[in-house]
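Before any comments, here is the structure.
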Amino acid sequence: MKYLCLVYGEEKALQEMPDGECLDYDEAIRASGHCVASEALQPVATATTVRVRGGKVSVTDGPFAETKEQLAGFYMVEARDLDEAIRIASKIPPASVGSIEVRPIRPIRETAGRA
């Protein structure tokens, strides 16, 4: 089963974390076969939020919501179950200064039931 591990934290704390530590973990998780995809994100100041209401597109600079912790990156992992996904997420280096949200991927293509 696939899980998305969303990396959240305060930008200042995350920027102080050595990139090498994250790259080492990335190499290890890819070598283990658990990593499907992973990327770090640019700072929140580069974010753009898009909304469509009543057919009109609204574009706003910045993230979706004001918060102390921002989305900093993600790992999509393959794991037997939630327990294994949690074990994998607990080793993501920014977990020590932020948080990792673990969410199962909904297999929409396989379950949409299109006619």
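Just so you know, all these numbers are worked out from the coordinates, no wet-lab data involved. Remember, predicted model here, so these are calculated numbers, not experimental data. Here the Cβ is made from the backbone with ideal geometry for all residues, glycine too, and neighbour counts use every protein chain on show.
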- If you go through Ala47, Ala40, Ala13, the only one that is more than 11 Å from Leu71 (Cβ to Cβ) and small (Gly, Ala, Ser) is Ala13
- Which residues, counting only those in the stretch 28-41, are surrounded by fewer than 16 Cβ atoms within 10 Å (Cβ to Cβ), in a helix (DSSP H, G or I) and under 17 Å from the mean Cα position of the chain (by Cα)? Arg30
- Task: Identify, from the list Lys2, Lys12, the residue that is more than 17 Å from the chain's Cα centre (by Cα) and charged (D, E, K, R).
- Result: Lys12
- Which of the residues that make up the stretch 66-86 are of a type outside the set (Gly, Ala, Ser) and outside any strand (DSSP E or B)? Glu66, Thr67, Lys68, Glu69, Arg80, Asp81, Leu82, Asp83, Glu84, Ile86
- Note on the structure: Scanning the stretch 1-22 for residues that are assigned to a helix (DSSP H, G or I) and not small (Gly, Ala, Ser) gives Glu11, Lys12, Leu14, Gln15, Glu16, Asp19, Glu21, Cys22
- Task: Run Tyr25 past the list (1) of a type in the set (Ser, Thr, Tyr); (2) touching a Phe, Trp or Tyr at 6+ places or on another chain (Cβ under 8 Å); (3) outside any strand (DSSP E or B) and report the number of the one that doesn't hold.
- Result: (2)
- Message: Can you find a residue that is more than 17 Å from the chain's Cα centre (by Cα) and either under 20 Å from Met1 (Cα atoms) or part of a strand (DSSP E or B) (or both) anywhere in the stretch 87-106?
- Response: no
- Among the candidates Ala79, Ala47, Ala112, residue that is surrounded by 15 or more Cβ atoms within 10 Å (Cβ to Cβ), of a type outside the set (Val, Ile, Thr) and without any contact (Cβ under 8 Å) to a residue 24 or more places away in the chain: Ala47
